[in-house]
1. In deg cm²/dmol, rounded to 500, what helix-only [θ] at 222 nm does the chain give when every DSSP H run of at least 4 residues adds -39500 (n - 2.57) and the total is split over its residues?
2. On the protein heavy atoms, probe 1.4 angstrom, tell me the percent of accessible surface of the chain carried by carbon and sulfur.
3. Can you find, among LEU445, LEU37, SER314, the residue sitting farthest towards the positive end of the charge dipole of the chain, where Lys and Arg contribute +1 and Asp and Glu -1 at Cβ?
4. Using mean Cβ contacts within 10 Å as the protection proxy, how do 30-38, 205-213 order, highest first?
5. Using Cα centres only, tell me the gap between segment 166-203 and segment 301-320 in whole Å.
6. How far apart, in nanometres, would the label points at ARG339 and VAL423 be if each is projected 7 angstrom from Cα along the Cα-to-Cβ direction?
7. Over segment 92-182, average the accessible area per residue using a 1.4 Å probe and give it in Å², no decimals.
8. Counting only heavy atoms of protein chains, what accessible area per residue, in Å², does segment 194-253 have with a probe of 1.4 Å?
Amino acid sequence: MRTTHGGTGSMVAFHASALDGVGRNPALPVSLLLRLLAFDGGGDRRPPRGALQRAGLPEAAVMVILAHRDPGVRIDFAMSAGAEPAQRARLVDDPSPKVRVALAYGPEVYDPRTEVAPLPDAVCARLLDDPVPSVRAALLDSRNVAPSFVASMAGHHRAAARREAVRRAWEILPAGVRSALLADPDPEVRRAAALGECRRDARLTAALVRDPRSAAEALRRGLLDRADAERYVVERTHLAALAGNPSLPADLVARLAVDPDEAVRLAVSLRPELDEARRMAIDFTAGERDRGDGVPWVRDGLTDPAVLRRAATSGHPLLRRAAAWSPHLPPDLLSLLARVEDPVLDDLLGIHHPDTPEEVLMRVYARLGATFSAWMAETHPRFPREGLAARYADHPDGKYRRLAVRDPAATPALIERLSHDPVVWTRQAAAGDPRLPLHRLLEALHVPELASRAGANPALPEDAMAAVLDRAGVPA
């Protein structure tokens, strides 16, 4: 092995990087996978996370992970989005509370296109009754819990669980359960229940407004009687929240539409009952980076064709952006939004819609380069592939030269040339492409910034993968 990239520290980094890549390699044979998963070098020398969180791990691999003496290995598996819930659930009796915390919280997924199946309700019930408070808290914080289980927590003996059920499942709880929660012995549960119910009860709303901890939210959503509404407007009580209240009388809405406070006028402009002429007559300013996720009637109607049509055809930029969160936009509305000159709208369509047009995805990529939105655009199923080599292989910007690697028509010679590109991202993309000639692929394993991508290249021969494990000190 060559040692031209520095001293011992560089060699360790090289081993770790190449090993990480091999752990992610889709062509990794089961025999080498099992060898890698059993690795226990102490300290930070453990199986790479990519190996532990692979989708479709065979039973033999799962058994190795579950029996691994390093809790960090079991933690990585507990938080795997690639593992089946039933596989992760086998950690429910793990001796390490940290492992059970990881299991309870579940996978951290940043890609909205990735769905994580929840743990079985029976496993969640055991975690919710775990003797360690941090395990119970992790489950309550998790967003990977089935709605059925969240609703079931309304009858739990711990107040924290009942509060979470109220906050996340109030509208689907039976009437009798809601009544019991409104009279719950815990004051925080009662307050949360009252906030859930106040949209139907003006008396509850008035009581909540008197509590500084709940006043703004109660004014935003609660049922108002006329006298109270007038008083709140005169006293300017949380006026921006009040301006969006669904039960605010029409004449008070009109008054707030010309309020001197810009935030109040913006809130009025987003009300669902306004026709387009009234809405656009309001002097509002939409934030350049506001993503429109704070419009409740659109957020709650992302599967409703009528709601989507009203929002997407509006001249209000925040309503259009709110509609762009829906993966259910029909073709005509998707086409309409794709023609609007709004970078935030482009970003949202690239993240959330499965049929986003190629030109939108390319606009996002061209504008943002090394950001999450650009990555979401580039990994979108509709991001263009054909013709990219001819268009971009000799582009002066390395960000575009990297796109040439995506083209099915790119030749091995071009891929090899791009693996020597001045821009590291372009070199890395080429190093991971199976068309890279073998001699260059093996060479890339010895280049620190390319070793990880080369290790993950599915064209890497089995003996080369085994050699990476050998050099990293993974026992045979």
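1. Working: 34 runs with 265 residues, N = 476.
Using -39500 (n - 2.57) per qualifying helix, the result is -14500 deg cm²/dmol.
2. Values: 12360 of 21990 Å².
Within the chain, the accessible surface is 56 percent carbon and sulfur.
3. Of LEU445, LEU37, SER314, it is LEU37.
4. Values: 30-38: 18.0, 205-213: 16.0.
The most tightly packed comes first, giving 30-38, 205-213.
5. When both Cα centres are located, 30 Å separates them.
6. With each label point 7 Å from Cα toward Cβ, the separation is 3.2 nm.
7. On the way: 4470 Å² over 91 residues.
Here the residues of segment 92-182 average 49 Å² of exposed surface.
8. Working: 2870 Å² over 60 residues.
Using a 1.4 Å probe on heavy atoms only, each residue of segment 194-253 averages 48 Å².
The values are calculated or read from the model by the stated rules, or taken from the named source; none is laboratory data. This structure is a prediction, so every number in the text was calculated from the model and none was measured. Here Cβ is always computed from backbone atoms with ideal geometry, including for glycine, and neighbour counts include all displayed protein chains. Please note that ligands, DNA and RNA were not included when accessible areas were found on the heavy atoms of the full protein model with its side chains. Shrake-Rupley method; radii C 1.70, N 1.55, O 1.52, S 1.80 Å.
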